[in-house]
Each structure stands twice: as C-alpha cells, then as structure tokens.
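I have placed the structure first, in the form of structure tokens, so that the comments after it can refer back to it.
What follows is calculated from the coordinates using simple rules that are stated; it is not laboratory data. All figures in this text were calculated on a predicted structure; none of them were measured in a lab. In this analysis, Cβ positions are derived from the backbone assuming ideal geometry, glycine residues included, and neighbour counts consider all displayed protein chains.
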Amino acid sequence: MNNQIKTNRLKVWVLASRPKTLPAAVAPVIVGTAIALNADKLNIIAALIALICSLLIQIGTNFVNDLYDFLKGTDDENRVGPTRALAAGWISTNQMKLAIYFTFGITFLLGLYLVYLAGWVVLLIGVLSMLAGYSYTAGPYPLAYNGLGDVFVFIFFGIVATVGTYFVQALEFSIFALLASIPVGLLITNILVVNNYRDAEEDKKKDKHTLAVIFGKSFAYYQYLFSLILSYLIPILLFVVYETSVFMILPLLTLPLAIKLQLELNKYSGKRLNKTLEFTAKLSVLFSFLFSLGIIL
C-alpha cells in the first residue's frame with residue numbers, strides 16, 4: 001500500500017497536507033463571513049481569499065510539523081497517529097522544504113490583496129500567522145514542544161482567523177466577532193487536545209512537552225470538556241446579551257456529538273482515538289456552520 005501511494009505524487013501531497021485537519025482552517029472563515037454578511041458588509045472576494053490563505057497557512061503548518069517532527073525523531077515506526085509523509089519515505093526533506101516555501105510564499109502574495117483592502121494591520125497579522133505556523137515545531141523554541149501549541153491554535157486559528165476574516169470585509173473591529181471567535185478557537189484546539197492525549201506516552205519519551213505531558217492526560221481530558229462547555233455557552237450568551245433570534249443557539253444541535261466524543265476520550269486510547277480526532281474536526285465545522293447560519297438568520 002505504501003509503495004502504491006509513493007508512486008502517486010498527487011495522493012502523496014494530499015495526504016501530506018492532512019486533509020482531515022483542514023476544517024480548522026474553514027471554520028473561522030465561515031463564522032467571520034457570516035458576521036460580515038449579517039452586518040451588510042460582505043465582500044465575497046475578500047472572503048474567498050481569506051479562506052484560501054487560511055487553508056494554505058494550515059497546510060504550510062502541517063508541512064512544517066511533518067518535517068521537523070521527522071528531523072527531531074518524533075515520528076517513527078511506533079507512531080499511533082496517521083502515517084506522516086516523510087516518516088513513510090514518500091517525500092524527501094528537500095521536497096518538503098520547497099513545499100513549505102512555496103505554500104507560505106503563495107499565501108503572502110494572495111494576502112497582499114487583503115493588505116490593499118484593509119491596511120498594514122492585515123500584513124502584520126498575516127506575517128505573524130505564518131511565523132507562528134513555522135514556529136509550531138521549528139525554530140529555537142518550538143511551540144508544540146513547549147506546551148504552547150494549544151495557545152497558538154486558539155489564538156491564530158480561532159481569534160485571529162475569525163476576527164481577521166470579518167475585518168478584511170467590514171474594515172472595522174467587532175466585539176461580537178471577538179466573542180464568536182472563542183468557541184471557534186476552542187473547538188479547533190480540541191483537535192490538538194485529542195492528538196496530544198493520544199500521543200502523551202510517546203511524546204514524553206521523545207521530550208515533546210505538550211500540555212498532556214506536562215500536566216497529565218487527566219488535564220487534557222478536562223481541558224477538552226471545559227472547551228466544549230464554554231463553546232456551547234457562548235451562543236447562549238450572545239443570544240441573551242445581543243437579543244438575537246433563537247436561531248443563535250442552533251449550534252446546540254451538535255451537543256449529542258460533543259457528548260459522544262467526550263465519552264470516547266475517556267473510553268479509548270491509541271489508534272482508536274484517530275476516529276475521535278477526525279470527528280472532533282468535523283464537530284468544529286458543523287458547530288461553525290450552524291453558528292454561522294444562526295448569525296445570518
């Protein structure tokens with residue numbers, strides 16, 4: 001099977017991009033655009049470019065993660081998560097480096113249009129987002145190896161991506177967008193929480209200090225639970241404070257799935273949690289879609 005994949009170059013790069021993680025890039029743009037639409041400030045071209053840039057930053061971050069986890073020896077034959085391209089020998093380190101430069105380079109060029117629309121602040125946000133993506137596993141103080149991965153994901157894939165998507169369309173800051181970004185960021189961060197919960201034992205052996213390693217798997221379990229609780233409270237808060245329609249609480253329809261995933265985190269371990277991780281990503285998108293629909297209605 002691995003040899004068949006290796007000969008299919010397109011499939012290799014699709015797998016290397018980790019398509020199951022890409023909902024993390026889509027969710028904040030959906031919500032930010034819904035808020036802009038609700039405010040009659042929709043800019044469809046800006047929204048599409050923001051979506052493409054968000055996807056490219058996620059893919060670039062995944063490429064960096066693949067490269068430096070491989071170089072540090074974190075990814076090996078004992079890995080319980082999905083197969084990584086470099087560890088499997090599908091891609092060389094030089095090819096991955098070129099892919100990283102290309103992905104972030106295209107992101108920068110596309111982002112210049114958003115800078116043209118919304119000013120230098122967007123340039124700063126874009127550069128910081130790409131630097132953070134690179135620093136996730138690379139550099140002298142890799143975030144993912146020092147307990148800061150969760151903070152990075154929450155800030156950049158939650159708050160920055162959601163508020164930024166609204167900003168490049170409306171050309172103004174919004175407290176509502178900031179509040180709405182909280183559940184987006186928390187549910188996306190939960191994808192990482194499952195990943196770190198699953199890999200805690202192996203990460204500890206390889207000196208990768210995630211929060212699950214530093215504080216233990218019980219901490220990761222309750223972190224996941226806290227994120228779910230707060231995520232479902234935010235739409236209720238917005239409904240009450242902003243006196244919106246009852247559609248604002250549409251995300252609560254996903255609560256049964258959230259409860260199911262929380263129970264799985266307590267019940268399963270190892271490779272079985274790969275499915276929990278996948279559906280945690282799907283939960284973030286489904287929640288964000290219903291959240292966006294509620295905001296528009």
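Answer with a single label: of [x] 21.7, 70; [y] 22.4, 74; [z] 18.8, 58, which was calculated as Rg and Dmax of the Cα atoms in Å from the structure in view?
So the calculated entry is the one marked [z].
How tilted is helix 161-170 with respect to the longest principal axis of the chain? Cα atoms for both, answer in degrees (0 to 90, nearest 10).
With both axes taken from Cα atoms, the answer is about 40 degrees.
Expressed in nm to one decimal, what extension gain is obtained for the pair GLU172 and LEU123 from 0.36 nm per residue of sequence separation less their Cα-Cα distance?
Going from the current span to full extension adds 16.1 nm.
Can you list the lysines whose alpha carbon is less than 22 Å from that of LYS260, not counting same-chain residues fewer than 8 positions off?
Excluding near neighbours in sequence, the set is LYS20, LYS217, LYS271, LYS275, LYS282.
With 10 angstrom as the radius, rank SER231, SER135, SER288, SER17 by how many other C-beta atoms surround their C-beta, starting from the fewest. Can you show the working numbers first?
On the way: SER231 24, SER135 18, SER288 27, SER17 21.
Neighbour counts put them in this order, fewest first: SER135, SER17, SER231, SER288.
Hey, what angle do you get for helix 217-241 against the long axis of the chain, alpha-carbon based, 0 to 90 degrees rounded to 10?
Helix 217-241 and the main axis of the chain meet at about 20 degrees.
With 10 angstrom as the radius, rank ASP40, ASP207 by how many other C-beta atoms surround their C-beta, starting from the fewest.
Ordered from fewest to most neighbouring Cβ atoms within 10 Å, ASP40, ASP207 come out as ASP40, ASP207.
I need PHE219, PHE70 ordered by Cβ neighbour count within 10 Å, fewest first.
Values: PHE219 16, PHE70 20.
Ordered from fewest to most neighbouring Cβ atoms within 10 Å, PHE219, PHE70 come out as PHE219, PHE70.
Starting from the Cα-Cα distance between ILE106 and ILE229, subtract it from 0.36 nm times their residue separation and give me the gain in nm to one decimal.
Full extension of this stretch gives 40.5 nm more.
Under a Cβ-Cβ cut-off of 13 Å, what is the net charge of the residues other than LEU283 that fall near it, where Lys and Arg count +1 and Asp and Glu count -1?
Once all neighbours under 13 Å are counted, the net charge is +2.
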